[in-house]
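The values are calculated or read from the model by the stated rules, or taken from the named source; none is laboratory data. The shown structure was predicted, so the numbers you read here are calculated from the model rather than taken from an experiment. Reconstructed Cβ throughout: ideal geometry from the backbone, glycine too, with neighbour counts over all protein chains shown. All accessible areas refer to the heavy atoms of the entire protein, side chains included, with ligands and DNA or RNA removed. Shrake-Rupley method; radii C 1.70, N 1.55, O 1.52, S 1.80 Å.
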Amino acid sequence: MKYGLKVLAILIALVIVASSVAMYGYSGTKGGEGISEGGGGKGVVSLAAPPFIGVAGAAEAAGGNAFPEDEAGISAYVNVNQSINITEAVKAFTQIEELSQTHAIGIIPIDNRRDTTNVHVYVDTDGYIVAYFKNTEPASNIIKWSGMDFDDPRIDFTTNAAIKAMCDKIDVYYRDIKDDIKYYDFEFPDAEKMLIFLNARNSGGDEYMHIFIPGKYRLYEASYSLIGGGWGWYGGYYSELYVDGTYIAETADLTTGLYNLESTLTLGEPHTIKLDSEGEGGVGTILIYKEG
């Protein structure tokens, strides 16, 4: 365990204290590979509705369902400023879920260190790419562990990796559009922000994060991504997750889930999130919320 706790972030009255934690944030207009400090508030991603919300587009006129707003949850989206060839776009998918002349939806699998995370991706001829998870999946599926240095963790997103994979297939330079990526939670349209913070270590031991969420906040979802150290000759190197001493989850691989907002991460009370790792391991937490 590391000693010498320090305050890492004070967001209005939301306080997080940790021994070592990665808290980086996209602004509303800057995104892409990795997350750098600054932007829409340290550790905060602004959530903004895309222009196509609630608009019947060409895809619907052609007989498709267009973007499935009623099924989607946390999402990353961008317009590549050119028409997308649907025939080329579907080559990025390992599974096609929906197809018309003007849009397509499919799965792009993203390596996530201990597992593969399947990202749903929507594309249309108007130039939109939307990488998303369904509203039945926790928002923490967005955390990408592969490629992370556990000694110096930087948060990246599986959705952005899926957008890059699509760009590679449709001859769009990802570096040209990555700063235009924005985020929205279709399940919670009133939510304004997403806070991401994680703790990781490359050897066995404990890490603690202390969090206080003000009672005036509207917390829509709190979810976690827990990663273990994999498997060796004598079994798994497990990571265990606790909140206020209560067991939440464990894995030697990768697992995601929801915190209980009624009994676990309650508002107006301090909470301690503990990572107990037998080897390399980490835990990331995502809060979807609105201030005031």
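Quick notes on this structure:
- Of the solvent-accessible surface of the stretch 71-131, computed with a 1.4 Å probe over protein heavy atoms with every protein chain present, carbon and sulfur atoms account for 38 percent.
- Among the listed pairs Lys164/Lys290; Lys144/Lys182; Lys169/Lys193; Lys178/Lys216; Lys134/Lys290, those beyond 23 Å (Cα-Cα): Lys164/Lys290; Lys169/Lys193; Lys178/Lys216
- In this structure, the amide hydrogen of Asp156, modeled 1.01 Å from its nitrogen in the peptide plane, lies closer than 5 angstrom to those of Lys144, counting only residues at least 5 positions away or on a different chain.
- Contour minus Cα-Cα distance for Lys91 and Ser263 (0.36 nm per residue): 57.5 nm
- Backbone N atoms of the stretch 95-126 closer than 19 Å to the 7 Å Cα→Cβ label point of Trp231 belong to residues 111-117.
- Label point 7 Å beyond Cα of Lys134 along Cβ direction - residues of the stretch 67-110 with amide nitrogen under 17 Å: 67-75, 94-99, 105-110
- In Hz, Karplus ³J(HN,Hα) per residue of the stretch 266-276 (6.51, -1.76, 1.60; θ = phi - 60°; x = Gly, Pro): 7, 7, x, 9, x, 9, 10, 9, 10, 9, 10
- Euclidean distance between Cα centres, the stretch 190-268 to the stretch 149-176, Å: 24 Å
- For the stretch 164-274, the solvent-accessible area of protein heavy atoms averages 46 Å² per residue (probe radius 1.4 Å; ligands and nucleic acids excluded).
- Ranking Thr246, Tyr208, Ser225 by Cα position along the charge dipole of the stretch 172-266, where only Lys, Arg, Asp and Glu carry charges on their C-beta atoms, puts Tyr208 farthest toward the positive end.
- Carbon + sulfur, % of accessible area of the stretch 236-292 - ligands and nucleic acids excluded, 1.4 Å: 43 percent
- Counting Lys and Arg as +1 and Asp and Glu as -1 over every other residue whose Cβ lies under 12 Å from the Cβ of His120, the net charge comes to -3.
- Tensor-based shape of the stretch 129-175 (alpha-carbon gyration tensor, a/c under 1.5 rounded, otherwise prolate or oblate): oblate
- Taking a ≥ b ≥ c as the square roots of the Cα gyration tensor eigenvalues, the stretch 162-279 comes out oblate, since a/c reaches at least 1.5 and a/b does not exceed b/c.
- Ligands, DNA and RNA are left out, and with a 1.4 angstrom probe the accessible area of the stretch 66-116 is 47 Å² per residue.
- Placing a label point 7 Å from the Cα of Arg218 along the Cα-to-Cβ direction, the residues of the stretch 185-211 whose backbone N falls under 19 Å from that point are 185-195.
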